[in-house]
Amino acid sequence: MTSLEIVQAGDPVLRAVAVPVVDEEIVSAEFHDFVEAMIATMRAAPGVGLAAPQVGVSKRVLVAEDRDSAIAALPASRIADMERVPFGPLVMINPEMRPASEERRVFFEGCLSVAGFAALVARYREIEVRWTDETGVHHGWTRFSGWPARILQHEIDHLDGVLYTDRMIARSFMTAEAMRARAAMPVADILREAGITERT
Ligand SMILES: [Zn+2]
């Protein structure tokens, strides 16, 4: 499966509100191939999520997956803090999201469309999502928490033309390399280092 080209910040498709996919389209062979290509592209990047606008297609489709191999590369303390668990691949078409509580967590995020950078972003810890899957089955409000909830909030934002840089704690913006150097550093210390004292 060939990878699709991932567009970068500045491309207007990343700022457009993506269009819903109709049920008849979901069951088409062409759409099936597109979803397979999105999953292949996400894995090749590698990334834990990809939204259709990121490959230049303004439709409300996302794929998400977190694998053991990606998680195993992190310090154990970080995995626990992030509440990172293997899941997916999940394909969500026309997803809708609502917070399940007001609690938010602050962690680093990057984006395949803002290549080479990262920043701290506050996201809901628990959310509920309803969506249609790639076989056309409708899923009712389903709860996600921890890292999967963060991934889904990030990807659903893409469908509304929102990038994490719109929501980031601006002073924490740094290169991906600088983020990796802080892999074992408590988030509170990273905030302090960035000169942020009143947060979370
Ligand atoms: Zn992204």
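For Glu126, state whether it is within 27 Å of Val13 (Cβ to Cβ) and either at pLDDT 95 or above or aromatic (Phe, Trp, Tyr) (or both).
Details: within 27 Å of Val13 (Cβ to Cβ): no; either at pLDDT 95 or above or aromatic (Phe, Trp, Tyr) (or both): yes.
So Glu126 fails the test.
Can you tell me which residues in segment 50-86 are without any contact (Cβ under 8 Å) to a residue 40 or more places away in the chain, closer than 20 Å to Glu155 by Cα and part of a helix (DSSP H, G or I)?
Answer for segment 50-86, where residues must be without any contact (Cβ under 8 Å) to a residue 40 or more places away in the chain, closer than 20 Å to Glu155 by Cα and part of a helix (DSSP H, G or I): Ala70, Ile71.
Ala149 fails exactly one of the following numbered conditions: (1) small (Gly, Ala, Ser); (2) at pLDDT 95 or above; (3) farther than 26 Å from Val63 by Cβ. What is the number of that condition?
Result: Ala149 fails condition (3) only.
For a quick check of your reading: which strands (runs of 3 or more DSSP E) sit entirely within segment 87-194 and have at least 2 residues that are surrounded by 19 or more Cβ atoms within 10 Å (Cβ to Cβ)? Walk me through how you get there before you give the answer.
Values: elements: 87-99, 104-109, 117-124, 126-132, 138-145.
Qualifying strands (runs of 3 or more DSSP E): 87-99, 104-109, 117-124, 126-132.
Under 6 Å between Cβ atoms, at least 6 apart or on separate chains: pull out the pairs that start in segment 176-195 with a residue that is closer than 17 Å to Ala122 by Cβ and end on any residue that is part of a loop (DSSP other than H, G, I, E, B) and open to solvent by 70 Å² or more (accessible area, probe 1.4 Å).
Leu191/Arg199
Before we move on, is Ala37 small (Gly, Ala, Ser) and either outside any helix (DSSP H, G or I) or modelled with pLDDT of 95 or more (or both)? Write out each step before concluding.
Numbers: small (Gly, Ala, Ser): yes; either outside any helix (DSSP H, G or I) or modelled with pLDDT of 95 or more (or both): yes.
It is true that Ala37 is small (Gly, Ala, Ser) and either outside any helix (DSSP H, G or I) or modelled with pLDDT of 95 or more (or both).
The values are calculated or read from the model by the stated rules, or taken from the named source; none is laboratory data. Note that the structure is predicted; figures quoted are calculated from it, not measured. So basically every Cβ, Gly included, is an ideal-geometry build from the backbone, and we count neighbours across all protein chains shown. The area values use the complete protein model at the heavy-atom level, side chains included, leaving out ligands, DNA and RNA. Shrake-Rupley method; radii C 1.70, N 1.55, O 1.52, S 1.80 Å.
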